[in-house]
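Before any comments, here is the structure.
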Amino acid sequence: MKLFKFLLIVFLLISLSCSKSSKNENPKTSSQYSEGTSIIIGVLPEESPKVIYEKLYPLKKFLSENFKRPVLIDIARDFKDLEKKIKEDKINLIIVDPATYCELKWNMKNKIFPLIKPEGGIAETRSVFVTKQGNNIEKIFDSLGKKLALGEEKSSFSYLIPLSMLRDVDISIKDFKSVDMLQKEQRIALSILIGNHDIGAMSEITANKYLKDGLKIIRYSEPTPRFLIAYINNLKKDEVETIKNSILTRADRELLEAIGVEKFSLAEDRDFDYIRVLIKNLTGKDYIDYGSKTIKVAILPLYSPLTIYKRYDPLMRYLSEKTGYEFKLVIPKNFEEFINIVSQGKVHFSYQNPYVFSIVSKRYSIRPLAITVGEDCTTDEGICGNEKFRGLIITRKDSNIHKLTDLKGKKIMIVSPTSAGGYLSQKLYLEKKGFNLQRDFKLIDAKRQEKVIIGVYKGEADVGFIREAALSVWSNEVDISKIKILDYGDYLPNWPFAVVNNQNKELTEKVKKLITNIDNPLILKKAKIKAFKEATDEDFKILKILSN
């Protein structure tokens, strides 16, 4: 507490010093400042007041000069204090991480609005898991049974995203010897370096500061903005426009470099829906808001929410731009929840594997609009395949399974009985070879592609059924050199994009035309496919029969 008070005094002295300096440098500007009230920026105390001030001072100075009014930095004591100040109109702007924004926005929907987000540089970073060099921890699975350090519960980068990363590979906090909340990322780094903890989570930017001291990164998330600038509705419309335009059009290279940003862009509330999905999956709190013109598109959760958003949100924005409606992703927890949501007609469109489509089509009048062409390759070629795909039968290289006849009586981990590439493809193939899956094997339902790979890698199952593309997607999670492909399943029609519950026939036809004629290669590249081709019910006849 004494140290905090000392730093606060230093912070105030620096503020006064900078204020005096600006008056001496530009008396005219100073007189203009005195005519208007201050713009107050609220922030949370993620670091010491001195460090926070030093980081934000270039932006504070820039806004003061461009807005012709003084700009002050208000460091709240904690989340509740920041929330209280917003409700009492004591601040005008906030600079917070995405998770904090999502919770504040939900609590005060009509009071907080996104303004600007950073792109590139250190302001767009990743969550990472770190350990100390020499700890013999190379992969995330090497840390099981060890001591884990996390940050504050409302932090995107040291808590929320890391827990989602663990969940994606079927790791629970119960799998660690102990889990401690150290609040600040610097504390986590130092605790690992001195040996109090074996593994910790933080932002990549913080981890990079300690690499030279012996810290080592073992796992990364997808990149996401480290912060955003949002405004409170106590600012006038013209004031918001002035701040926005100043940052977007006048921010020079010196300012961008000072705060570690390549550029700023407009922020939309939907930019942070993937964070809301993570919050819902981890806590059960549903902060996702759908407007009256929102078109819901359910995506079968083959990968993590963050990966799904990176892949398919560009397609949603493309459809939004071309139709005038707001297309937004709906990402269920698992295959079963997806089937329930789509079968009950709770979404307008859906994107799923053909087996799940055939199951849903028996419960609800779902209709295919387009079939995916291409998928991830298991090589460096990029996108391969065409209108069909297949599954793999995998095992460990050091296992005693060398041919199909060695499979009898073995434990086989499947993605799900509703998985096309992680069950049906192999089922069709093995039945042609004389096997009966229910009689000849012990099947383990793993729910996710990556869990099958990990289960085989860890020896929890003798064999695994996965989609062919999954090996390349999850090659960073396990040592793929220890996995071998025993055989391949039958080819199946690729994923259909379908209409579920949309009474607007004109919109449905427009969506079909748009997705089968995408002229932006970046959208397809992000989705990791070659194209969509128009589909007919004929493509799914065999699957409708097989799913009986």
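Which residues, taken from the range 98-119, are of a type in the set (D, E, K, R) and either buried (at least 23 other Cβ atoms within 10 Å of the Cβ) or over 19 Å from the mean Cα position of the chain (by Cα) (or both)? Those that are of a type in the set (D, E, K, R) and either buried (at least 23 other Cβ atoms within 10 Å of the Cβ) or over 19 Å from the mean Cα position of the chain (by Cα) (or both): K109, K111, K117. Are any residues in the range 329-368 hydroxyl-bearing (S, T, Y), more than 21 Å from K528 (Cα to Cα) and open to solvent by less than 10 Å² (accessible area, probe 1.4 Å), and if so, which ones? Selection gives S358 alone.
Checked against the criterion of being within 16 Å of E119 (Cα to Cα) and open to solvent by 30 Å² or more (accessible area, probe 1.4 Å), the candidates D286, D252 yield just one match: D252. If you filter the range 123-137 down to residues that are of a type in the set (S, T, N, Q) and in a loop (DSSP other than H, G, I, E, B), you find that the one that is farthest from F176 (Cα to Cα) is Q133. For the range 228-235, the count of residues that are surrounded by fewer than 15 Cβ atoms within 10 Å (Cβ to Cβ) and either modelled with pLDDT of 90 or more or part of a helix (DSSP H, G or I) (or both) is nonzero. The residue that is nearest to S358 (Cα to Cα), counting only those in the range 514-540 that are at pLDDT below 85 and surrounded by 15 or more Cβ atoms within 10 Å (Cβ to Cβ), is F540.
Scanning the range 171-187 for residues that are part of a loop (DSSP other than H, G, I, E, B), closer than 18 Å to E450 by Cα and not hydroxyl-bearing (S, T, Y) gives a single hit, I171. Among the residues of the range 245-263, write down those that are among the aliphatic types (A, V, I, L, M) and either part of a helix (DSSP H, G or I) or under 24 Å from K109 (Cα atoms) (or both). I247, L248, L255, L256, A258 - these are the residues of the range 245-263 that are among the aliphatic types (A, V, I, L, M) and either part of a helix (DSSP H, G or I) or under 24 Å from K109 (Cα atoms) (or both). So which residues in the range 371-390 are modelled with pLDDT of 85 or more and either of a type outside the set (A, V, I, L, M) or surrounded by fewer than 22 Cβ atoms within 10 Å (Cβ to Cβ) (or both), if there are any at all? Listed by number, the residues that qualify are T372, V373, R390. Scanning the range 210-227 for residues that are assigned to a loop (DSSP other than H, G, I, E, B) and open to solvent by 20 Å² or more (accessible area, probe 1.4 Å), which turns out modelled with the highest pLDDT? Filtering the range 210-227 for residues that are assigned to a loop (DSSP other than H, G, I, E, B) and open to solvent by 20 Å² or more (accessible area, probe 1.4 Å), the one modelled with the highest pLDDT comes out as Y210.
Mind checking whether some residue in the range 317-325 is at pLDDT below 90 and of a type in the set (S, T, N, Q)? No: zero hits.
The test for being of a type in the set (F, W, Y) and at pLDDT 90 or above holds for Y488. For the residues K296, K310, the requirement of being modelled with pLDDT of 95 or more, charged (D, E, K, R), open to solvent by 10 Å² or more (accessible area, probe 1.4 Å) and closer than 25 Å to K528 by Cβ singles out K296.
Scanning the range 264-282 for residues that are buried (at least 17 other Cβ atoms within 10 Å of the Cβ) and assigned to a strand (DSSP E or B) yields one hit, F264. Taken residue by residue, the range 50-59 has at least one member that is open to solvent by 40 Å² or more (accessible area, probe 1.4 Å), more than 29 Å from the chain's Cα centre (by Cα) and at pLDDT below 90.
From the list E204, E185, the one residue that fits, being in contact with an Asp or Glu (Cβ under 9 Å, 6 or more places away or on another chain), surrounded by 17 or more Cβ atoms within 10 Å (Cβ to Cβ) and closer than 16 Å to F157 by Cα, is E185. Residues that are surrounded by fewer than 23 Cβ atoms within 10 Å (Cβ to Cβ), within 30 Å of L166 (Cβ to Cβ) and touching a residue at least 40 places away in the same chain (Cβ under 8 Å) within the range 314-328 comprise P314, K328, listed in sequence order. When restricted to residues that are assigned to a loop (DSSP other than H, G, I, E, B) and crowded, with 19+ Cβ neighbours inside 10 Å, the range 391-432 contains 4.
Consider the range 138-170 and keep the residues that are part of a loop (DSSP other than H, G, I, E, B) and out of contact with any strand residue (DSSP E or B) (no Cβ under 8 Å at 6 or more places or on another chain). The one that is least open to solvent (accessible area, probe 1.4 Å) is V169.
Of all the numbered requirements in (1) farther than 29 Å from Y351 by Cβ; (2) acidic (D, E); (3) assigned to a helix (DSSP H, G or I), E450 misses one, and that requirement is (1). Which one of the conditions (1) in a helix (DSSP H, G or I); (2) open to solvent by less than 10 Å² (accessible area, probe 1.4 Å) does T242 fail to meet, given that it meets all the rest? The number of the failed condition is (2).
The values are calculated or read from the model by the stated rules, or taken from the named source; none is laboratory data. What you see is a predicted model, and the numbers here were worked out from it, not measured in a lab. Neighbour counts run over all protein chains shown; Cβ positions are idealised from the backbone, glycine included. Quick note on the areas: whole protein, heavy atoms, side chains included, nothing else; ligands and nucleic acids left out. Shrake-Rupley method; radii C 1.70, N 1.55, O 1.52, S 1.80 Å.
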